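One structure is given below, encoded as structure tokens.
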Amino acid sequence: MILNEIAIQLDLAAKNAKAIVQISQSERISEEQAYEIQRLSLEERYARGEKFVGLKLGFTSFAKMEQMGVHDMIWGRLTDAMWYKSGSEMDLSAFIHPRAEPEIAFLLKKDLDREISLDEIPEYIQACAPAIEIIDSRYENFKFSLEDVIADNCSSSAFVVGAWQPLPTSLNGLDIALMFDTEVREQDRSDAILDNPYLSVCNASRLAVKYNQPFKAGDILLAGAATPAVFIEINKKITAKVSKLGSCTIISK
Ligand code: OOG
Ligand code: MG
């Protein structure tokens, strides 16, 4: 099957909130081809007027890799249509089987056009914030191989970013929690993200260059979940809370 046909199938599955069978059931695709499918499926969104607003990393914590049975870091693209204001409502009928994850977001102050090191972060990153990512695999039963999930834009479907905060010298040792109403559903330390959440910026710069994805001032980055993702239930106030950074929320309807 040609890559563009798979890209269109995945885009339609997301658009119509209707799951499809994993690609790997019928096709053998390489990781490189999977990223090409992802790129092509985003072209469909751009053609409908959506705008690229940033990148997300996935499987940057052991908890996430273990939950999904995969072994490597992945990256996907975020668009303006996925961005919900903190405190807003999300209509679950637009999703297949959405899950929520507590994350940390970064705001770029300068174009990232090469791989940067940890000590260059203050030069390139303007701010950070607590974030929620809503992932929604387009595959039946939320099951996939690494290539499947890459092709599916790493399950990206929506996200929320809290108020931007100045960069602390360290992002280690912070508590990150995901709450449904007042109940904590998952929690861990920020260290769960690559041992140091700032390393997600270095990795994103490396991957953006490797895959020729422009990553510019004003774009955002989601560092990847610190905890396993939690299935969303209707009529919940979903909150991601990060000590020292604050919180953000979205209400499921
Ligand atoms: C893939 C997306 C993983 C994260 O933060 O690790 C991800 C998935 O689990 O469906 O967004
Ligand atoms: Mg995520």
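Brief remarks follow.
- Between N141 and K253, full extension at 0.36 nm per residue minus the direct alpha carbon distance yields a gain of 38.2 nm.
- Placing a pseudo-label 7 Å from each Cα along the Cα-to-Cβ vector at D175 and R114 gives an inter-label distance of 4.2 nm.
- Helix-only CD estimate at 222 nm, as mean residue ellipticity for the chain, using -39500 (n - 2.57) per DSSP H run (n ≥ 4): -7000 deg cm²/dmol
- Here's how it looks for I20: its modeled amide H is under 5 Å from those of Y139, E140, which are all 5 or more places away or on a different chain.
- The convex hull drawn around the Cα atoms of the stretch 140-253, when projected onto a plane and averaged over every direction, covers 8.5 nm².
- Counting DSSP beta bridges with both ends in the chain, the antiparallel % (nearest 5): 85 percent
- Rel. contact order, % - alpha carbon contacts under 8 angstrom, at least six apart, the chain: 28 percent
- Residue-normalised accessible area of the stretch 133-253, expressed per residue, 1.4 Å probe, Å²: 38 Å²
- Put the Cα centre of the stretch 169-246 next to the Cα centre of the stretch 70-146 and the gap is 8 Å.
- Cross-link table K210/K236; K210/K237; K143/K237; K15/K216; K56/K236, entries beyond 30 Å C-alpha to C-alpha: K210/K236; K210/K237
The values are calculated or read from the model by the stated rules, or taken from the named source; none is laboratory data. None of these values were measured; they are calculated from a predicted model. So basically every Cβ, Gly included, is an ideal-geometry build from the backbone, and we count neighbours across all protein chains shown. Note: areas computed on protein heavy atoms with side chains; ligands, DNA, RNA excluded. Shrake-Rupley method; radii C 1.70, N 1.55, O 1.52, S 1.80 Å.
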